[in-house]
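Here is the structure we will look at.
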Amino acid sequence: MRVFYNCRIEPMTGQKSDYTALAVDDGKIVVLFRTKPSMGGEYKDMRGAYIFPGFIDTHTHSISGGIYSLGVSLEGCRNLWELSERLSAGKLMGNKLFCWHLDETELLEQRFPTAEELDRIYPETAVLIRRVDGHSCVINSYAAEQITAIQPLPADFNGTFRGRLNDVVVNWFHSSLDEESILKAYDRAAAHALKYGHTTIHTMVGDGYNSLEHYSLLEANLDRFPVEYILYAQCFNLEAALEAGAKRLGGCILADGSFGSHTAALFEPYADQPENYGRLYHDDAHWQNIISKAHAAGLQFAVHCIGDRAISQILKFYGEVQEQDPQDLRHILIHNELTSDEMIGKMSRHNIVAAMQPMFDRLWAGEGGLYQRVLGKERTLRTNRLRTLRDSGVIIGGGSDWYVTEMDALAGIDAATRMHNPLESLTAYEAVELYTSKAAYLSHDENRLGQLKAGYQADFVVLAENPLESNNIKDIRIKAVYKRGERFNL
Ligand SMILES: [Zn+2]
Ligand SMILES: [Zn+2]
């Protein structure tokens, strides 16, 4: 038995807490105390720190983030000269260079680099640069030659790919990694998650089409990681998912693209491209087929949908299966960015949940930002509607979509309390719920994770300040993280 005392515990159970100590045995919380207990065991003085349930990120691409963080970040890059400097200094993985976080609209030249420009730096190494949102990428000629052997690329190839070809190219880069590199990427992601106070992260495994990729390898190695991975079989291959023993199917399988790439599907055209409505990546028959099969097999289903037209397409079939055969599966809308009141009502009626990223609002919903540019001001008010969703009874889990934004729960909590549309802001308590108790609900783990209660897993984060009383939540220092009662170094 271990007793942690002299702390201020926030159990996130919805009730006011004056607990100052907790006892842990065999990885679980045994009991909480209001004063320092006197019982046998090892005692640990927490020196007045704040203890919250370990954070849960409900949406990450850990393999990508893990690989890319071993490569080159292009965040804050100002021009193509600086980009080439960073690339030249990059560390290779095998004979590949992985680069991420490019925002071409922030470059002086206002464009992506060309394949030719990359060839000058790397004539015989495969180079991949992903746009910040992951929906476009740039590669060099060396990579293109090898990919062409599997899938012909267009003749007018200049290096940049979007839509389906973006996925083909990225999947080629990822699928050629060996097992050791894959596990190393997950080690890296887990270490990164801990650093920001997480004890559990949801992660997408699969190519988004037909392959589960390294799903079984990861599942067989889950015990080696200091954080708990909740796995998504991210593909349309139901048979393979069932065979692998998956509990859920999907992830960032795409109903549409992104706002930044003008590929998110909208009911009204883009504000800056009046002919463009974005596009639905699959027709109704495709979704009806796969969603009804997954539902009948008892699998939770998850889909990436950004624009209102895509969300409404998926909701139609979620609603249908729930009406015909109501089950507690909690099908997920990932991102769920642009919604109407009617859609939110439908989500609530059918117990559809959402995995959302409050940082998207912080980064893109501001005056003159991406949302206003592509959606206009009025529609921007209908993005990331945390308050309306919550008040309508829709359960939302918070997340980062890491590698897209930093896997930083406190930054997400901070963003959720100060949304650009103040009507959609949450209280600090509600915002913490997104990354604890509500997040646990998304994976059917609400009786095990996300709260500090007797019988629950002893997963907690030790904070220097109380986020419920702070006006700078994102900068609160994380002092330690405990997973199943064990302390991990950050
Ligand atoms: Zn994603
Ligand atoms: Zn996505």
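Quick look at the values:
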read-out: Selection from region 102-111 of residues that are surrounded by fewer than 21 Cβ atoms within 10 Å (Cβ to Cβ) and in contact with a Leu (Cβ under 9 Å, 6 or more places away or on another chain); value: Asp103, Thr105, Leu107, Leu108, Glu109, Arg111
read-out: Boolean, Ile311 is closer than 27 Å to Leu363 by Cβ, open to solvent by less than 20 Å² (accessible area, probe 1.4 Å) and either in contact (Cβ under 8 Å) with a residue 24 or more places away in the chain or more than 16 Å from ligand 1 (Cβ to nearest atom) (or both); value: yes
read-out: Region 165-205: number of residues that are open to solvent by 40 Å² or more (accessible area, probe 1.4 Å) and either modelled with pLDDT of 95 or more or under 21 Å from the mean Cα position of the chain (by Cα) (or both); value: 7
read-out: Ala220 open to solvent by 30 Å² or more (accessible area, probe 1.4 Å) and either away from ligand 2 (no atom under 14 Å from the Cβ) or of a type in the set (Val, Ile, Thr) (or both); value: yes
read-out: Hey, Ala255 hydrophobic (A, V, I, L, M, F, W, C) and touching a Cys at 6+ places or on another chain (Cβ under 6 Å) or not; value: yes
read-out: Selected residue [over 30 Å from Phe301 (Cβ atoms), more than 16 Å from ligand 1 (Cβ to nearest atom), small (Gly, Ala, Ser) and in contact with a strand residue (DSSP E or B) (Cβ under 6 Å, 6 or more places away or on another chain)] from Ser73, Ser88, Ser84; value: Ser73
read-out: Some residue of region 340-353 being part of a helix (DSSP H, G or I), more than 16 Å from ligand 2 (Cβ to nearest atom) and of a type in the set (Ser, Thr, Tyr); value: yes
read-out: Some residue of region 263-274 being assigned by TED's automatic domain parsing to the domain that holds Met204, within 15 Å of ligand 1 (Cβ to nearest atom), buried (at least 19 other Cβ atoms within 10 Å of the Cβ) and not in a helix (DSSP H, G or I); value: yes
read-out: Tally, over region 232-261, of residues that are within 13 Å of ligand 1 (Cβ to nearest atom), among the hydrophobic types (A, V, I, L, M, F, W, C) and not in a loop (DSSP other than H, G, I, E, B); value: 3
read-out: Neighbours by Cβ (under 7 Å, 6+ apart or cross-chain): first from region 447-459, free of Cβ contacts under 8 Å to residues at least 12 places away in the same chain; second assigned to a loop (DSSP other than H, G, I, E, B); value: Arg448/Tyr456
read-out: Contacts under 6 angstrom Cβ, first residue in region 226-255 being at positive phi, partner within 16 Å of ligand 1 (Cβ to nearest atom) and open to solvent by 10 Å² or more (accessible area, probe 1.4 Å), 6 or more apart; value: Gly251/Gln234
read-out: Check on Ile334, buried (at least 18 other Cβ atoms within 10 Å of the Cβ) and free of Cβ contacts under 8 Å to residues at least 60 places away in the same chain; value: no
read-out: Candidate set from region 429-451 (those that are part of a helix (DSSP H, G or I) and open to solvent by 30 Å² or more (accessible area, probe 1.4 Å)); member that is farthest from Gln327 (Cα to Cα); value: Tyr429
read-out: Residues located in region 452-490, provided they are surrounded by 22 or more Cβ atoms within 10 Å (Cβ to Cβ), in contact with a helix residue (DSSP H, G or I) (Cβ under 8 Å, 6 or more places away or on another chain) and not in a strand (DSSP E or B); value: Pro467, Ile473
read-out: Lone unmet requirement of (1) of a type outside the set (A, V, I, L, M); (2) within 16 Å of ligand 2 (Cβ to nearest atom); (3) surrounded by fewer than 24 Cβ atoms within 10 Å (Cβ to Cβ) for Gln357; value: (3)
read-out: Elements of type strands (runs of 3 or more DSSP E) in region 29-99, at least 1 residues being within 16 Å of ligand 2 (Cβ to nearest atom), closer than 19 Å to Val462 by Cβ and under 25 Å from the mean Cα position of the chain (by Cα); value: 55-60
read-out: Subset of region 68-89 (residues that are of a type in the set (A, V, I, L, M, F, W, C), modelled with pLDDT of 95 or more and open to solvent by less than 70 Å² (accessible area, probe 1.4 Å)); value: Val72, Leu74, Cys77, Leu80, Leu83, Leu87
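Every residue, every condition in (1) in the same structural domain as Thr383 (by TED's automatic domain parsing); (2) touching a Phe, Trp or Tyr at 6+ places or on another chain (Cβ under 9 Å); (3) in a strand (DSSP E or B), yes or no:
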residue: Gln288; (1), (2), (3): yes, yes, no
residue: Gly298; (1), (2), (3): yes, no, no
residue: Val303; (1), (2), (3): yes, yes, yes
residue: Ala310; (1), (2), (3): yes, yes, no
residue: Gln313; (1), (2), (3): yes, yes, no
residue: Lys316; (1), (2), (3): yes, yes, no
residue: Gly319; (1), (2), (3): yes, no, no
residue: Arg330; (1), (2), (3): yes, yes, no
residue: Leu333; (1), (2), (3): yes, yes, yes
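The values are calculated or read from the model by the stated rules, or taken from the named source; none is laboratory data. Predicted model only: the values in this text are computed from it and were never measured. FYI the Cβ positions are ideal-geometry reconstructions off the backbone, even for glycines, and counts take in every protein chain you see. For the accessible areas, the whole protein counts, side chains as well, though only heavy atoms, and no ligand, DNA or RNA atoms are used. Shrake-Rupley method; radii C 1.70, N 1.55, O 1.52, S 1.80 Å.
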